[in-house]
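The values are calculated or read from the model by the stated rules, or taken from the named source; none is laboratory data. Remember, predicted model here, so these are calculated numbers, not experimental data. Glycine also receives a Cβ, built like all others from the backbone with ideal geometry; neighbour counts cover every protein chain displayed. All accessible areas refer to the heavy atoms of the entire protein, side chains included, with ligands and DNA or RNA removed. Shrake-Rupley method; radii C 1.70, N 1.55, O 1.52, S 1.80 Å.
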Amino acid sequence: RYPLSRFVHRYIDGGKRGDRKISHMIAKLKKKRKYHRIVYNGFLYNISTTRTSDKRYYRCANKKNSGCLATAVLGQNASLDSLTILRPHNHPRDKTMEMKYNFEMELTKAVKNSNASIKNIYYALAEIQPEAARIVPYDQNLYNRLKRRRISSHDMFGEDYA
């Protein structure tokens with residue numbers, strides 16, 4: 001499921017802890033997994049490819065769930081106003097998508113930078129943004145996503161092995 005797990009387990013079981021080459025390789029692999037996302041007109045897009053140095057192509061984030069083949073293109077340093085839709089969506093837009101996305105990004109940022117419990121962070125942010133909290137309820141699914149993000153933001157082997 002997790003692309004690094006086999007490598008990491010082999011490293012922990014048979015490798016030397018503190019090997020800087022291994023740590024550097026893991027950091028590089030983790031960096032490759034990052035998705036660049038944008039919200040535009042109620043739709044969430046994930047970066048698909050960068051075919052040329054001046055254009056980035058995006059696909060609808062609902063591709064897996066609804067089979068949506070919507071694509072868009074954006075210049076490398078262009079603003080979202082210049083986003084060009086190449087293929088339309090096969091599902092209605094979500095009017096609350098931007099609010100949901102921003103709320104989750106704020107939660108993620110807070111979870112990564114604080115040792116407070118995820119539940120306490122959620123309810124503190126929910127007081128500031130009650131409309132977003134109604135749309136993004138605190139449940140096991142959200143807790144698990146935020147927990148994974150917190151774990152992935154910390155050094156994989158802890159400070160003792162660096």
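Structural remarks
- Condition met for ASN141 (surrounded by fewer than 12 Cβ atoms within 10 Å (Cβ to Cβ) and under 20 Å from ASN62 (Cα atoms)): yes
- Residue count, the stretch 79-92 (criterion: modelled with pLDDT under 90, open to solvent by 40 Å² or more (accessible area, probe 1.4 Å) and assigned to a loop (DSSP other than H, G, I, E, B)): 1
- Boolean, LEU74 is of a type in the set (A, V, I, L, M, F, W, C), within 22 Å of SER48 (Cβ to Cβ) and touching a residue at least 40 places away in the same chain (Cβ under 8 Å): no
- Any hit, the stretch 6-14, residues being open to solvent by less than 90 Å² (accessible area, probe 1.4 Å) and either under 30 Å from PRO92 (Cα atoms) or at pLDDT 50 or above (or both): no
- Scope the stretch 105-122; condition assigned to a helix (DSSP H, G or I) and in contact with a helix residue (DSSP H, G or I) (Cβ under 8 Å, 6 or more places away or on another chain); matching residues: GLU106, LEU107, THR108, ALA110, VAL111, LYS112, ILE118, LYS119, ILE121, TYR122
- Complete set of residues in the stretch 93-138 that are open to solvent by less than 80 Å² (accessible area, probe 1.4 Å), without any contact (Cβ under 8 Å) to a residue 12 or more places away in the chain and not small (Gly, Ala, Ser): MET105, PRO130, PRO137
- Flag for PHE43 being touching a Cys at 6+ places or on another chain (Cβ under 7 Å) and open to solvent by less than 40 Å² (accessible area, probe 1.4 Å): yes
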